[in-house]
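The values are calculated or read from the model by the stated rules, or taken from the named source; none is laboratory data. If you're wondering where the values come from, they're calculated on a predicted model, not measured in any experiment. FYI the Cβ positions are ideal-geometry reconstructions off the backbone, even for glycines, and counts take in every protein chain you see.
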Amino acid sequence: MNSKTRITDQQRTILKTYTQMMRAADAVTTRMHRHLVDTGLTLSQFGVLEVLYHKGPLCQRDIGQKILKTSGNMTMVIDNLEKRELVVREKDPADRRRMVVRLTEEGLDLIQALFPVHAAVAAETFSVLESNELVTLGKLLKKVGIANAALPETDYRRIP
């Protein structure tokens, strides 16, 4: 370790844990989405189809929140899905000022064919964990995510 870099044992453990989490996330993401290669779908496009499949028609903002994408990115993703005739944008019957996105028959057929494969890959990917470990991992990740989403922005220029 560089003698100029002084960190505590706690910081060293945290940094090691962060690295392990990011490597695991990368490996899991790669494995979980390998079956999409032949479909021509991006991860975001698959995410949109999946959320519409499970939640029904939604406005673009709600879709973005569910799949953790910005509104600008969502516009492009949904435009590309529309070009492939997998989704359509329609006026919300409950509020004509609002647009909702829904699956077309082609989109529904595609996600119904892909989702069982996705679920099987997920089961295989996480089969290294016991049921109680999965629950614990989920709780720990949620705890870290919620806590960090609530933290105020840090002025990193003020950290020595």
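Does His54 satisfy being at negative phi, free of Cβ contacts under 8 Å to residues at least 24 places away in the same chain and touching a helix residue (DSSP H, G or I) at 6+ places or on another chain (Cβ under 6 Å)? When the stated conditions are applied, His54 does not pass them. Of all residues in the range 17-49, those being touching a helix residue (DSSP H, G or I) at 6+ places or on another chain (Cβ under 8 Å), within 19 Å of Asp109 (Cβ to Cβ) and assigned to a helix (DSSP H, G or I) number 8.
Once the range 76-103 is narrowed to residues that are in a helix (DSSP H, G or I) and among the hydrophobic types (A, V, I, L, M, F, W, C), the residue that is surrounded by the fewest Cβ atoms within 10 Å (Cβ to Cβ) is Met76. Looking across the range 1-40, the residues that are surrounded by 11 or more Cβ atoms within 10 Å (Cβ to Cβ) and in contact (Cβ under 8 Å) with a residue 60 or more places away in the chain come down to Val28, Arg31, Met32, His35, Leu36, Thr39. Look at the range 77-97: where a residue is over 16 Å from Asp62 (Cα atoms) and a partner is of a type in the set (Val, Ile, Thr) and part of a helix (DSSP H, G or I), sitting 6+ places away or on another chain with Cβ atoms under 9 Å, you get Leu81/Val48; Leu86/Val48; Leu86/Ile111.
Listed by first and then second residue, the pairs linking a residue in the range 105-129 that is small (Gly, Ala, Ser) to a residue that is in a helix (DSSP H, G or I) and at pLDDT below 95, with Cβ atoms under 8 Å apart and 6 or more places separating them unless they lie on different chains, are Ala122/Met32.
Among the residues making up the range 50-75, those that are in a helix (DSSP H, G or I) and among the aliphatic types (A, V, I, L, M) are Val51, Leu52, Ile63, Ile67, Met74. Number of residues in the range 106-160 that are out of contact with any helix residue (DSSP H, G or I) (no Cβ under 9 Å at 6 or more places or on another chain), among the acidic types (Asp, Glu) and under 30 Å from Leu81 (Cβ atoms): the value is 2.
So, in the range 140-160, of the ones that are exposed (fewer than 10 other Cβ atoms within 10 Å of the Cβ) and among the charged types (D, E, K, R), which residue ends up farthest from the chain's Cα centre (by Cα)? Top of the filtered list is Arg158. Scanning the range 109-144 for residues that are not hydroxyl-bearing (Ser, Thr, Tyr) and not in a helix (DSSP H, G or I) turns up Phe126, Val128, Leu129, Glu130. Would you check which residues across the range 118-159 are under 28 Å from Gln45 (Cβ atoms) and not aliphatic (A, V, I, L, M) and list them? If the condition is that a residue be under 28 Å from Gln45 (Cβ atoms) and not aliphatic (A, V, I, L, M), then His118, Glu124, Thr125, Phe126, Ser127, Gly138, Lys142, Gly145, Asn148 are the ones that fit. Do the conditions hold for Met74, that is, is it farther than 19 Å from His35 by Cβ and either in contact with a Gly (Cβ under 8 Å, 6 or more places away or on another chain) or touching a residue at least 60 places away in the same chain (Cβ under 8 Å) (or both)? Here the answer is yes, as Met74 does meet what is asked.
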